[in-house]
Amino acid sequence: MIENQDTPKLSDQLCFPFYVIAKEITGMYRPFLEELDITYSQYLVMMVLWEYERLTVNQIGEKLYLDSGTLTPLLKRLEAKSYIIRHRKKEDERVVEVFLTEEGNQLQKKACIIPGKMQEKLNLSENDLLEMKETVTKLMQIIEK
């Protein structure tokens, strides 16, 4: 193993631009999500449920890379807003299922405009966005191995 004795420089790090981009893009979503009265994390949960309709807490956690300790408070807040219902499976009470309410389905209709608004705000072409997503997805797959 070759050791590098130089002090690490922020400008040389791959992690820093990802950190900044994540923080800034999340902030760009804020005004759109405030209109829906949800946070970015809640929006992620809702997107997964809009796609799959009914999932267990563990399945949502796997899809969002969140542990149940982080996910449970998010789900409780979404349930308090009447967007979801959580219930324990009769066959196995350790398993909690989550599904959308009618209000949760109505929220989906309002949220459909957000991706277009974000693309407009970022001022990137469809092709630019696809290329970036492919590159980042490839990196995620490498990290997951």
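Listing for the model above:
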read-out: Test: residue in region 108-115 that is in contact (Cβ under 8 Å) with a residue 40 or more places away in the chain, polar (S, T, N, Q) and out of contact with any strand residue (DSSP E or B) (no Cβ under 6 Å at 6 or more places or on another chain); value: yes
read-out: Residue match in region 120-132 (condition: surrounded by 15 or more Cβ atoms within 10 Å (Cβ to Cβ) and touching a residue at least 24 places away in the same chain (Cβ under 8 Å)); value: no
read-out: Any hit, region 82-96, residues being surrounded by 10 or more Cβ atoms within 10 Å (Cβ to Cβ), more than 21 Å from ILE38 (Cα to Cα) and either in contact (Cβ under 8 Å) with a residue 60 or more places away in the chain or in contact with a Ser or Thr (Cβ under 7 Å, 6 or more places away or on another chain) (or both); value: yes
read-out: Long-range neighbours under 6 Å by Cβ, at least six apart or interchain, first residue under 24 Å from ASN123 (Cβ atoms) within region 4-26, second modelled with pLDDT of 95 or more; value: THR26/TYR40
read-out: Search result, residues across region 75-107 that are under 18 Å from MET46 (Cβ atoms) and among the charged types (D, E, K, R); value: LYS76, ARG77, GLU79, LYS81, ARG86, GLU97, GLU102, GLU103
read-out: Restricting region 22-65 to residues that are in contact with a helix residue (DSSP H, G or I) (Cβ under 6 Å, 6 or more places away or on another chain) and among the polar types (S, T, N, Q), the residue that is surrounded by the fewest Cβ atoms within 10 Å (Cβ to Cβ); value: THR26
read-out: Qualifying residue in region 66-78 (condition: among the small types (Gly, Ala, Ser), surrounded by 14 or more Cβ atoms within 10 Å (Cβ to Cβ) and either without any contact (Cβ under 8 Å) to a residue 60 or more places away in the chain or in contact with a His (Cβ under 6 Å, 6 or more places away or on another chain) (or both)); value: no
read-out: ASP6, sole failed condition from (1) on the phi < 0 side of the Ramachandran plot; (2) surrounded by 10 or more Cβ atoms within 10 Å (Cβ to Cβ); value: (2)
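The values are calculated or read from the model by the stated rules, or taken from the named source; none is laboratory data. Computed from a predicted model, the values in this text were never measured in an experiment. When we count neighbours, we look across all protein chains shown, and the Cβ atoms used for this are built from the backbone with ideal geometry, even at glycine.
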